[in-house]
Amino acid sequence: MNKLILGIESSCDETAAAVVKDGRDVLSNIINSQVDLHKKYGGVVPEIASRKHIETIDAVIDEALERAKVSLSDIDAVAVTYGPGLVGALLVGVSTAKALAYAAKKPLIPIHHIKGHIMANFITHTDLEPPFVCLVASGGHSHIVSVKDYTNFEILGRTRDDAAGEAFDKIARVLELGYPGGPLIDKLAKEGNPEAIHFPRVRIDKDCLDFSFSGVKTAVINYLHKLNQNNENYNKADVAASFQAAVVDVLCEHTIEAAVKVDTRTIALAGGVAANSTLRYKMTQKAAQYGIRVLYPSPILCTDNAAMIACAGYYAYLEGNFADMTLNAIANLQL
């Protein structure tokens, strides 16, 4: 079909734009990360993120078009993340996309951020087709999703409190590792013993696939607090490995159970936590026992990016799922 979709992503602290042809052929994928800007605060500061998006979004879009060797007039539609996320950050992307679509007389396509993360798998694995089950785990989300079709999704499980990535960030902060916490804990855990300390694996109910990570987070904090009060030493690597094992065990157990429940032979991972080496390894090993294959995007597509938004935009384009100029950002948008 040779349909070109310009994707725009600004839901948190990455300003991103991409051009994707026919949903899977990435012609450009430009990401301007604000990690260094927020690192000294130990997390994303919404107001700072919004201002930085405003400063950089035009240049990022220009670079995406230039790298793809296309102009705005060549684009068939503009796809943009409109939720969930930080409302101020989202508004920058939505406002820019509306302006571009209006000026160029192109369709405007609203994209759900979590759906975008799922779509990253279609880019890395060009032979992947629905149906399958996808675990979306990041700093803001922990969902198990049944992907029935390219535009038809059903949530099978979600977090009741902290997202998995959020728990990683908080424990990294307590261990004084820095920000973002996920990659730092993953790296340190390789030097530790995952069985050194037993942290809780929460199961809300026998038949419930929802997650709860506030308990394991509190257990780690209390463990360290008690040792510090008694002036006892501890091995940071062992704490990191044991905490990571507790989170990964629950993610694997619930996701594989969901795949068995809907009778699928494919599990996909998505979101920032999908880059975790232990999660990838354990999910692959445990799923293989059930004859289930595990797929995950390339590392750059695990983070927030616009190629995944453009991919989702292509399939929405085929369905005619367009928005008008009243499109607004929705911080708590439901899947």
Only residues in region 297-326 that are without any contact (Cβ under 8 Å) to a residue 40 or more places away in the chain count as the first member; pair them with residues that are of a type outside the set (Ser, Thr, Tyr) and surrounded by 20 or more Cβ atoms within 10 Å (Cβ to Cβ), Cβ under 6 angstrom, at least 6 apart or cross-chain, and list the lot. Pro299/Ala275
Which of the residues belonging to region 75-101 are in a helix (DSSP H, G or I) and either on the phi > 0 side of the Ramachandran plot or polar (S, T, N, Q) (or both)? Ser95, Thr96
Would you point out the residue of region 302-325, among those that are hydrophobic (A, V, I, L, M, F, W, C), touching a strand residue (DSSP E or B) at 6+ places or on another chain (Cβ under 8 Å) and in a helix (DSSP H, G or I), that is farthest from His53 (Cα to Cα)? Ala316
Of all residues in region 126-181 being among the charged types (D, E, K, R) and part of a strand (DSSP E or B), the one that is nearest to Ser212 (Cα to Cα): Arg158
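Taking the stated definitions as given, is Glu253 within 20 Å of the chain's Cα centre (by Cα) and over 29 Å from Glu14 (Cα atoms)? Write out each step before concluding.
Values: within 20 Å of the chain's Cα centre (by Cα): yes; over 29 Å from Glu14 (Cα atoms): yes.
Criteria met by Glu253.
When you look at His143, is it under 16 Å from the mean Cα position of the chain (by Cα) and either more than 25 Å from Gly291 (Cα to Cα) or of a type in the set (Lys, Arg) (or both), yes or no?
On the way: under 16 Å from the mean Cα position of the chain (by Cα): yes; either more than 25 Å from Gly291 (Cα to Cα) or of a type in the set (Lys, Arg) (or both): no.
No.
Quick check, is Val92 over 19 Å from the mean Cα position of the chain (by Cα), modelled with pLDDT of 95 or more and either crowded, with 17+ Cβ neighbours inside 10 Å or assigned by TED's automatic domain parsing to the domain that holds Glu176 (or both)?
Yes; evaluated as a whole, the condition is true for this residue.
The values are calculated or read from the model by the stated rules, or taken from the named source; none is laboratory data. Predicted model only: the values in this text are computed from it and were never measured. Backbone-built Cβ (ideal geometry, glycine too); neighbour counts: all protein chains shown.
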